[in-house]
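See below for the structure under consideration.
The values are calculated or read from the model by the stated rules, or taken from the named source; none is laboratory data. The model shown is predicted, which means the values in this text are computed figures rather than measured ones. In this analysis, Cβ positions are derived from the backbone assuming ideal geometry, glycine residues included, and neighbour counts consider all displayed protein chains.
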Amino acid sequence: MAALLVSERSRFALIGRSGGAIVNGVPDQEGRMSEKPPLAQSILTGLSGRCPRCRKGHLFSGFLSLRKQCEACGLDYAFADAGDGPAIFVILIAGFIVVGAALIVEFKYQPPFWLHAVLWGPLILVVTLAPLRLLKGLLIVLQYHHRAAEGRLESKSEP
């Protein structure tokens, strides 16, 4: 018989064991199984740079370097591999913003080239560095949320 305990609105429902079988979820700090949080909550957790399991510990020890594990719940971050995903998203978003703005300014005002350098240099730094950490945290938390892992081929055993 599964027990459903609902606490604060910001927390999600905790589900106990049902007939010895573990209910779909992840263990919380007390060892109970907890229901997977909604996707919107996972997205906010990733954007804030918090642990995907407890949402209290920090993901990062520096600007982009991950901690070895969560200081609150002890989750090992070895599973986390955002790869080049955050950089690709940042390049596409920043390119759209900066190139679009530069083209509009060029065709509308036709400023000298030195003014282009003064305008777009700092903007490039802002629109590339600001979202990089946010997107890396988001991709890591979504990887945990969806239980994404490397693909592995099963070897067929001979009868």
Q.
Being modelled with pLDDT of 95 or more and outside any helix (DSSP H, G or I) is the requirement here; does Pro111 meet it?
A. yes
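Going through segment 102-130 one residue at a time, which ones are β-branched (Val, Ile, Thr) and free of Cβ contacts under 8 Å to residues at least 12 places away in the same chain? So that I can check it myself, show each step before the final result.
Of segment 102-130, the ones β-branched (Val, Ile, Thr) are 104-105, 118, 124, 126-128.
If the condition is that a residue be β-branched (Val, Ile, Thr) and free of Cβ contacts under 8 Å to residues at least 12 places away in the same chain, then Ile104, Val118, Val126 are the ones that fit.
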(Q) Out of the residues in segment 114-154 meeting the condition of being modelled with pLDDT of 95 or more and basic (Lys, Arg), tell me which one is farthest from the chain's Cα centre (by Cα). (A) Arg133
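Residue by residue, here is whether (1) touching a strand residue (DSSP E or B) at 6+ places or on another chain (Cβ under 7 Å); (2) of a type outside the set (D, E, K, R) holds:
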position: Phe60; (1), (2): yes, yes
position: Asp76; (1), (2): yes, no
position: Ile97; (1), (2): no, yes
position: Leu123; (1), (2): no, yes
position: Val141; (1), (2): no, yes
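Residues Arg133, Arg55: which one is touching a residue at least 40 places away in the same chain (Cβ under 8 Å), among the charged types (D, E, K, R) and surrounded by 11 or more Cβ atoms within 10 Å (Cβ to Cβ)?
So the residue among Arg133, Arg55 that is touching a residue at least 40 places away in the same chain (Cβ under 8 Å), among the charged types (D, E, K, R) and surrounded by 11 or more Cβ atoms within 10 Å (Cβ to Cβ) is Arg133.
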Q. Restricted to segment 68-95, and to residues that are more than 14 Å from the chain's Cα centre (by Cα), part of a loop (DSSP other than H, G, I, E, B) and free of Cβ contacts under 8 Å to residues at least 12 places away in the same chain, which residue is nearest to Thr128 (Cα to Cα)?
A. Lys68
(Q) Of the conditions (1) over 30 Å from Lys36 (Cα atoms); (2) surrounded by 17 or more Cβ atoms within 10 Å (Cβ to Cβ); (3) among the polar types (S, T, N, Q), Gln143 satisfies every one except a single condition; which number is it? (A) (1)
Q. Does Leu64 meet the test of being in contact (Cβ under 8 Å) with a residue 40 or more places away in the chain and part of a loop (DSSP other than H, G, I, E, B)?
A. yes
